[in-house]
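The values are calculated or read from the model by the stated rules, or taken from the named source; none is laboratory data. Computed from a predicted structure; not experimentally measured. Note: ideal-geometry Cβ built from the backbone for every residue, glycine included; neighbour counts use all protein chains shown. Keep in mind that these areas ignore ligands, DNA and RNA; they rest on the heavy atoms of the full protein, side chains included. Shrake-Rupley method; radii C 1.70, N 1.55, O 1.52, S 1.80 Å.
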Amino acid sequence: MAKIEFRNVVKRFGAVEVIPDMNLVIEDGEFVALLGPSGCGKSTSLFMLAGIYLPSGGELLFDGHVVNEVEARDRNVGIVFQSYALYPHMSVRDNILFPLRFKKTPRDEALTRVKAAANLVRVEELLDRRPSELSGGQQQRVALARALVKEPQLLLLDEPLSNLDASLRLSMRTEIKSLHAQLGVTTVLVTHDQIEATTMADRIICMRAGQIEQVGTPDDLYLKPSSLFVAGFIGSPPINLVAGKAEGGTITVDGVRFPVEGASGSVTVGLRPEHLRFGNTGFAGRIAQIEPMGREILYVVETGMGALRVLEQGSSAGHSTGEEVRIGFQPENSLVFETAQQKLVAGAHVRAPI
Amino acid sequence: MVARTTVDWDALATRARVARRSRAVVLYAFLIAVSLPIILPYFWLVTIAFSARTGVADTAVLWRSMAVVIPTVVALWLAAALAQSRRQLWMGLTAVAAIAAVAFALLVGPDLHLGNFIFLWEPDFASVVRSRIGEVKGAVQFPNVWHAFGNSILIAGAQTTIVVTVASLAAYYLSRFQFPGRSSMLRSLLVLHAFPVLTLIVPMFLMLYWIGLLDTLSGVIIVLVAFELPFAIFIMKGFFDAVPWDIEMSALTDGASRRQAFVSVVLPQVRNGILAIAVFTFIRGWEEYIFVFTFLIRNSNWTMSLYMYWVRDDVMGVDYGVVSAVGVFYLVPSLILYMGAQRYLMQMSIGGVKG
Ligand SMILES: Nc1ncnc2c1ncn2[C@@H]1O[C@H](COP(=O)(O)OP(=O)(O)OP(=O)(O)O)[C@@H](O)[C@H]1O
Ligand SMILES: [Mg+2]
């Protein structure tokens, strides 16, 4: 178990600066998710933790010790790669055994630990197979067992679920989470899937182009996204962002006026689809599309400021495409961003429309 | 509305069937036409080696053996073409082979003998063979054939070991590490292979002479290694490129050093590549003729190709059976090697990592 710290860490590939300046603390035993779009530097950060990439600048600390120069093999880090990276020429048993070979673990003890790790992720029946004879989900478990068998002080998971089908992903999510609860090992999960991050992690580190946009619990990121980027990234279906003008205590959005506190100038208002309701007042529009999502229905409504997504409960709502509707919202849930800075206007507070 | 036209499905199916049949006929005719000229010379070589007698220019046995081989080859392809299942294929091939064996035993069998392999146990076989037709002097002093055989094995083996080792390491480095001059180095690897090596024979001769390696096996080995390496490196680089970075990184985080990761994780992935360059390099060294002919002089340094050359030079007019027997003897190691490695060589195109 270890406490991890990034201090002004920089990573360059040649002239390209992938991570300009990263500062982050991950507490001992914590489960954090590195969340961000493709190419934002998640894997790069992870590989620096693993010791595969050397930071170009700054300091990386494990339990308060600088480990920049410590070799990958001495860091005792377990890592599951996006591709699983199982050794194709070895049986599952030898794959899981591999990390112990270099620790000079006595053969008997090593085999016992392999069994235990295999039991933990339920692949004990597959020990004699080759990786090519396993399904994606089984390979993923084996990779997990191999990462866990050396009892790492840090577990790194690089998009471990992205190759799995939807139902398997759901069950592996639960399993990884309960494994973490059971073992208590500090875990960093890399993902570009916000649902994965919000459901599994204690804290989410939202990244964009090598920069950390926001660090916080899933609730923090959902309820108080610090920027338009985070607001747009967290939540499914995605948040509606509409342009408005704040002047003298009122915001005007598409001709509808709301009282507001603490904001002025050009603003962007974020309205989550689940907070929008059909009603008698509010934005006027026409239903363009209806997408049933099981328990809820997503309506795409054409309005004067573009399409708005509205999520309504129940299937018997009785709306049809082409219908003229009005959309209202619970003002306490709306988010106000400064358009120029793309930052949340702290303390801005919208009330029900006038 | 799209206009509906009536389609004559039966006519279309018939046309496809006819086209498929005629394609198959052309294919098998082609296979027979190309396999006969390849098989026949080897077959004759073997037949002559086991049947020719000193001073007798008898070709009847060759025609008789041809009467067996040509129908056999045609029958084998026909069996392959007509078989509907694996089982039928095997039965067909076995039947053809059995009939061919019986016919061969009847038509050619009585003429077979081992006398032409006299060189295996009689180093001075040239004199013996000549004395059979009354010539007693002028025979070349041949070294023991096993000595030449050993020299060839040594050259081919050493060349293979060096090429495989150096090419693997160099190719791995070229594949994994970025360093100044990398791309021009890769380009020059290919260019090096584009020139006919024979053009360099005079400078090579002078160089070997000056460093004192003329007429030594090591000199030839060095030259052969130098000429074989570029292409071997190029092939191996392709294999290493196909090995994903991930498994190597994974090995590093699993506690392996760079060298351990290379040996225990990367090398097994390129096994087929190593096998391929090993086989090709060995065979290349085994059949090497020009360089050994130029750089080796003493007869104790002869390789099998030189031995073969001098046997042909000296005994051909007297006894071509012995020449053929030497040829068969020279052929056997290549044949064994190919048969042993064939299974892996076939997978070469797949390369890299499966699953
Ligand atoms: N070895 C490298 N050399 C040069 N640039 C690189 C290298 N590795 C990564 N990059 C660049 O660094 C950036 C971040 O890459 P990284 O692999 O960390 O992205 P990621 O967030 O993991 O994306 P994904 O979700 O697609 O895996 C990318 O723009 C990528 O092109
Ligand atoms: Mg990545």
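Quick look at the numbers
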read-out	value
Whichever residue in the range A:97-116 is more than 13 Å from chain B (Cβ to nearest Cβ) and out of contact with any helix residue (DSSP H, G or I) (no Cβ under 8 Å at 6 or more places or on another chain) and, among such residues, is farthest from A:Arg141 (Cα to Cα)	A:Pro106
Selection status of B:Ala325, at pLDDT below 90, out of contact with any Ser or Thr (no Cβ under 9 Å at 6 or more places or on another chain), assigned to a helix (DSSP H, G or I) and in the same structural domain as B:Thr160 (by TED's automatic domain parsing)	no
Odd one out for B:Thr54 among (1) part of a helix (DSSP H, G or I); (2) surrounded by 16 or more Cβ atoms within 10 Å (Cβ to Cβ)	(1)
Among (1) open to solvent by less than 30 Å² (accessible area, probe 1.4 Å); (2) more than 10 Å from ligand 1 (Cβ to nearest atom) - the single one A:Leu34 does not satisfy	(2)
Residue, most open to solvent (accessible area, probe 1.4 Å), within the range B:258-270, restricted to residues that are out of contact with any Leu (no Cβ under 7 Å at 6 or more places or on another chain) and touching a residue at least 12 places away in the same chain (Cβ under 8 Å)	B:Leu267
Those residues of the range A:121-147 which are more than 12 Å from every other protein chain (Cβ to nearest Cβ) and in contact (Cβ under 8 Å) with a residue 60 or more places away in the chain, in sequence order	A:Gln140, A:Leu144
Checklist (1) more than 14 Å from chain A (Cβ to nearest Cβ); (2) farther than 26 Å from A:Ala147 by Cβ; (3) in a helix (DSSP H, G or I); (4) among the hydrophobic types (A, V, I, L, M, F, W, C) applied to B:Leu214, failing item	(3)
Residue match in the range A:33-43 (condition: part of a helix (DSSP H, G or I), modelled with pLDDT under 95 and within 14 Å of another protein chain (Cβ to nearest Cβ))	yes
Checking A:Gln82 against (1) in contact with a strand residue (DSSP E or B) (Cβ under 7 Å, 6 or more places away or on another chain); (2) over 30 Å from A:Phe229 (Cβ atoms), the condition it does not meet	(2)
Positions within the range A:50-96 being under 30 Å from A:Leu164 (Cβ atoms), more than 9 Å from chain B (Cβ to nearest Cβ) and surrounded by fewer than 22 Cβ atoms within 10 Å (Cβ to Cβ), in sequence order	A:Tyr53, A:Ser91, A:Arg93, A:Asp94
Every residue from the range B:197-226 that is among the hydrophobic types (A, V, I, L, M, F, W, C) and out of contact with any helix residue (DSSP H, G or I) (no Cβ under 7 Å at 6 or more places or on another chain)	B:Leu200, B:Val202, B:Leu206, B:Met207, B:Trp210, B:Ile211, B:Ile222, B:Ala226
Subset of the range A:14-29 [away from ligand 2 (no atom under 16 Å from the Cβ) and without any contact (Cβ under 8 Å) to a residue 24 or more places away in the chain]	A:Gly14, A:Ala15, A:Val25
Condition check for B:Gly321: surrounded by fewer than 19 Cβ atoms within 10 Å (Cβ to Cβ) and of a type in the set (Gly, Ala, Ser)	no
Subset of the range A:126-163 that is open to solvent by 10 Å² or more (accessible area, probe 1.4 Å) and within 16 Å of ligand 2 (Cβ to nearest atom) - its residue that is farthest from the chain's Cα centre (by Cα)	A:Asn163
Qualifying strands (runs of 3 or more DSSP E) (wholly inside the range A:181-222; at least 1 residues being open to solvent by 10 Å² or more (accessible area, probe 1.4 Å) and in contact (Cβ under 8 Å) with a residue 60 or more places away in the chain)	A:203-208, A:211-216
Residue in the range B:167-178 that is in the same structural domain as B:Ile290 (by TED's automatic domain parsing), exposed (fewer than 13 other Cβ atoms within 10 Å of the Cβ) and either out of contact with any His (no Cβ under 9 Å at 6 or more places or on another chain) or assigned to a helix (DSSP H, G or I) (or both) present	yes
Filter result (of a type outside the set (Lys, Arg) and near ligand 2 (Cβ under 10 Å from one of its atoms)) within the range A:30-58	A:Leu34, A:Gly36, A:Ser38, A:Gly39, A:Cys40, A:Gly41, A:Ser43, A:Thr44, A:Ser45, A:Leu46, A:Phe47
Selection count where residues are touching a strand residue (DSSP E or B) at 6+ places or on another chain (Cβ under 7 Å) and hydroxyl-bearing (Ser, Thr, Tyr), scope the range A:136-195	3
Complete set of residues in the range B:234-257 that are open to solvent by 10 Å² or more (accessible area, probe 1.4 Å), over 17 Å from A:Ile79 (Cα atoms) and within 12 Å of chain A (Cβ to nearest Cβ)	B:Ala242
